[in-house]
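Q: Quick one: the structure is below, questions incoming.
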Amino acid sequence: MTPNPEDGAAERPTTGAANAPFLRLRQICLVARDLAPVVEDLCAVFGVQVCHRDPEVGQFGLHNALMPFGRQFLEVVAPVRDGTTAGRYLERRGGDGGYMVILDSEALPRWRAHVAEIGVRIAAPLALGDYEGMQLHPRDTGGALLEINTTLNGRDLDGPYWPAGPHWQQHVNTTRVAGFAGAVLQSAEPQALAERWGRILQRPAQAAGGHWEVPVDNARLRVQQALDGRGEGLAGVVLRTRDAAAIRAAAQARGLPVDGDAVTVCGVRFELAQD
């Protein structure tokens, strides 16, 4: 389905000039023991389609699938061999769950300089063709794996985004979901984690009625108290939905947990906010 130009209006950065810096929530990554059943659940519940499977993740002992949620992307990775970082993460957090928060920006030099200045290490520099990314060291960020990337001519939300493949626009279906409004991290010390992420992202953390938030151009990264016994991590995603009733009905039909205005898939709570 070809995107409607008006569908992504709420996602567009408010940075003004064409060369102004921006920082957007562009992708969420989940980790699962078994890829196929999780991808089937996500597609059936949220009415989305797989747009790309990246062979490059094989170097990390993984296979994956990406699905457009509007002009943002949900990725699921799963180990294909023993001894992977993702496999250890599954063990540490007791099963399937959230894995990465991925932001895109206009260029990386300013971010490389900034993280070096504040003592945050780059765990994995990524580069392929017109794409560059940097995954930050989880011991320096806490909360979840955090990546910032850029794709040449990627400022336009309908334009290239290398991780999603060359034809992602043909797979967009916004009947049920229009995109992400935020990500939810949990921690035993939410204020400290939010302040750390705020410093890394140069967006000061804000107290917001029982939790903390770090704003980016198109979303809010919420940090709340960890209460489920799984420890620190990416616990949830806030969705901009257009048909929450259909999402709840599809989740119930597949035997997935439904709790008011939220459904749980792959160990992650998807909150159904109105678009």
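Q: Using the beta-carbon distance between Asn19 and Cys43 and R0 = 41 Å, what value does 1/(1 + (r/R0)^6) give for FRET efficiency, to the nearest 0.05?
A: Values: r = 37 Å, r/R0 = 0.91.
According to the calculation, E is roughly 0.65.
Q: Give me, ordered by chain and number, the residues 5 or more places off Phe270 or on other chains with an amide H under 5 Å from its own placed amide H.
A: Distant-sequence amide H within range of Phe270: Val237, Val263, Thr264, Val265.
Q: What ranking do Phe270, Phe73, Phe22 get, fewest neighbouring Cβ atoms within 10 angstrom at the top? Don't skip to the end; give the middle numbers.
A: Working: Phe270 27, Phe73 24, Phe22 17.
If I rank by nearby Cβ atoms, fewest first, I get Phe22, Phe73, Phe270.
Q: Farthest toward the dipole's positive end in the range 83-179, which of Gln169, His114, Asn153, given Cβ charges of +1 (Lys, Arg) and -1 (Asp, Glu) about the Cα centre?
A: Positive-most Cα among the choices belongs to His114.
Q: Assigning unit charges at the beta carbon (Lys, Arg +1; Asp, Glu -1) and nothing else, what dipole magnitude in debye, to the nearest 20, does the range 117-166 show about its Cα centre? Write out the running numbers ahead of the final one.
A: On the way: 3 positive and 7 negative charges, 42 e Å.
Charge dipole, the range 117-166, about its Cα centre: 200 debye, nearest 20.
Q: Need one word for the range 65-210: rounded, prolate or oblate. Basis is the Cα gyration tensor (sqrt eigenvalues a ≥ b ≥ c); a/c below 1.5 gives rounded, then a/b vs b/c decides.
A: Working: a/c = 1.32, a/b = 1.20, b/c = 1.10.
Rounded is the answer for the range 65-210, as its axis ratio a/c remains below 1.5.
Q: I'd like the Karplus ³J(HN,Hα) series for the range 88-101: coefficients 6.51, -1.76, 1.60, θ = phi - 60°, whole numbers in Hz, and an x wherever there's a Gly or Pro.
A: So the J values, rounded to whole Hz, are 5, 5, 4, 5, 5, 9, x, x, 4, x, x, 10, 9, 10.
Q: Continuing with this model, one more query. What ranking do 259-265, 213-219 get when scored by the average of other Cβ atoms within 10 Å per residue, highest first?
A: Working: 259-265: 16.6, 213-219: 21.7.
Per-residue mean Cβ counts within 10 Å order the peptides as 213-219, 259-265.
Q: Suppose every K and R has +1 on its Cβ and every D and E has -1 on its Cβ; what is the size of the dipole of the chain about the Cα centre, in Debye to the nearest 20? Before the final figure, lay out the partial values.
A: Details: 27 positive and 32 negative charges, 74 e Å.
The dipole magnitude comes to about 360 debye.
Q: Separate question: What is the fewest-to-most order of Met67, Met134 by other Cβ atoms lying within 10 Å of their Cβ? Kindly include the intermediate steps, with their values, before the conclusion.
A: Values: Met67 24, Met134 21.
Taking fewest neighbouring Cβ atoms as first place, the list is Met134, Met67.
Q: Can you sort Thr84, Thr141 by how many other beta carbons sit within 10 Å, fewest first? Intermediate results must be reported in sequence, preceding the final value.
A: Values: Thr84 17, Thr141 22.
Least to most surrounded, the residues fall as Thr84, Thr141.
Q: Where nothing but the Cβ of Lys and Arg (+1) and of Asp and Glu (-1) is charged, how large is the charge dipole of the range 178-275 around its Cα centre, in debye to the nearest 20?
A: Numbers: 11 positive and 11 negative charges, 32 e Å.
Dipole magnitude for the range 178-275 comes out near 160 debye.
Q: Related question: Count the net charge of all other residues whose Cβ sits under 9 Å from the Cβ of Gly267, scoring Lys and Arg as +1 and Asp and Glu as -1.
A: Working: positive: Arg93, Arg230, Arg269; negative: Asp96.
With Lys, Arg at +1 and Asp, Glu at -1, the neighbours total +2.
Q: Taking amide H atoms as placed 1.01 Å from N in the peptide plane, list the residues 5 or more away in sequence, or in a different chain, whose amide H sits under 5 Å from that of Asn64.
A: Close amide H contacts, sequence-distant or interchain: Asp54.
Q: To continue, here is another question. What percent antiparallel are the DSSP beta bridges of the chain, to the nearest 5? Please list the in-between numbers first.
A: Numbers: 48 of 70 bridges.
Approximately 70 percent, going by the DSSP bridge assignments.
Since every read-out is calculated from the coordinates, none of them should be taken as a lab result. Fair warning: this is a prediction, and the values are worked out from it, not measured in the lab. All Cβ positions, even for glycine, are placed from backbone atoms using ideal geometry, and neighbour counts span all protein chains on display.
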